[in-house]
1. Could you work out which residue, out of GLU31, GLU115, GLU151, moves most in a Gaussian network model of the chain, that is, has the largest mean-square fluctuation with Cα springs under 10 Å?
2. Could you give the size of the charge dipole of the chain about its Cα centre, using +1 on the Cβ of each K and R and -1 on the Cβ of each D and E, expressed in debye and rounded to the nearest 20?
3. Calculate, for ALA129 and ALA213, the FRET efficiency according to 1/(1 + (r/R0)^6) with r their C-beta to C-beta distance and R0 35 Å; round to the nearest 0.05.
4. Enumerate the amide H contacts of PHE156 below 5 Å, restricted to partners 5 or more residues apart or on another chain; note that Pro and chain-start residues carry no placed amide H.
5. Please report Rg (one decimal) and Dmax (integer) in Å for the Cα set of region 2-60.
6. Principal axis extents for the chain, Cα atoms only, whole Å, descending order, please.
7. Computed over the Cα atoms of region 60-143, what is the convex hull's projected area averaged over all directions, in nm²?
8. Please report, for the Cα atoms of region 182-224, the Rg to one decimal and the Dmax as a whole number; what are they, in angstrom?
Amino acid sequence: MRVIEIAGLEKAYKGGTKALKGVDLTIEKGEIFALLGPNGAGKTTLISIVCGIVTKTGGSVSVYGHDIETAYRAARDHIGLVPQELTTDAFETVWDTVAFSRGLFGKPRNDAYLEDLLKRLTLWDKREARMMELSGGMKRRVMIAKALAHEPDILFLDEPTAGVDVELRRDMWELVRKLQSDGTTIILTTHYIEEAEEMADRVGVIRDGELVALGEKNELMAQM
Ligand code: ADP
Ligand code: ADP
């Protein structure tokens, strides 16, 4: 089943930078897809458009059949995004931060899902801690919990292992694999070929706003 369909996607930022120049891409349910490319290639722009944070200037994007612009709410319900930067309030507790995100999507703020999610991310014992009291690694875990709070079908991870220690990286991959086995589709961006190789079922190589290669991991690596 196709969960994301992107056709002829274009983005020209004000000022003239053409960040995307006609990208066609289809994502299948349950796959781990890596978008691989150097800094400035257009990775963040692409996922930001699919998540409805940045507006496109051409082409189309649909998520579970819902157009990202005309049916934004319905599309967005399916998506969780872990952005590169921290977007939490320093004075909020872990619990309130994640519960608030769940509440935004009309889900109960106090239920077994939330407890299970915090436990899976080893955040349960820290649930009363304020964000500013946490280490960088714990903050990243909260960002993941926030993204998963509304039980999305698709999880986007933007440069998930940039500046992350070995332990968190390992835990994150374990979580990603577990999510995949539960049927979640995972899309990550990276500029590390090893990361794409290690993690993904399928890789798309993006350079200067264009998807220059796309394929199963093994066949793609053989071309390079
Ligand atoms: P990547 O995630 O692969 O590093 P980005 O999508 O962040 O690439 O950037 C793609 C191109 O678009 C770069 O040339 C970048 O400078 C430009 N760009 C990104 N965001 C903006 C913005 N808000 N305004 C103008 N140009 C931008
Ligand atoms: P309210 O909806 O009244 O503003 P909260 O959003 O703070 O309350 O909490 C919603 C529910 O989550 C409450 O029923 C509360 O018992 C539960 N809850 C709040 N904080 C925690 C916590 N740290 N651990 C477990 N459950 C909590």
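1. Residue with maximal mean-square fluctuation among GLU31, GLU115, GLU151: GLU115.
2. Using only the charged Cβ atoms, the result is roughly 480 debye.
3. E(calc), rounded to 0.05, equals 0.20.
4. For PHE156, the qualifying residues are GLY80, LEU81, VAL82, ILE187.
5. Cα radius of gyration and Dmax of region 2-60 are 11.5, 38 Å respectively.
6. 47, 39, 37
7. Value for region 60-143: 6.3 nm².
8. Here Rg and the maximum Cα pair distance are 10.7, 34 Å.
Read the figures in this text as sums done on the coordinates, not as results from a lab. Just so it is clear, the model here is predicted, and its values are computed rather than measured. With ideal geometry, Cβ positions are generated from the backbone for all residues, glycine too; neighbour counts draw on all protein chains shown.
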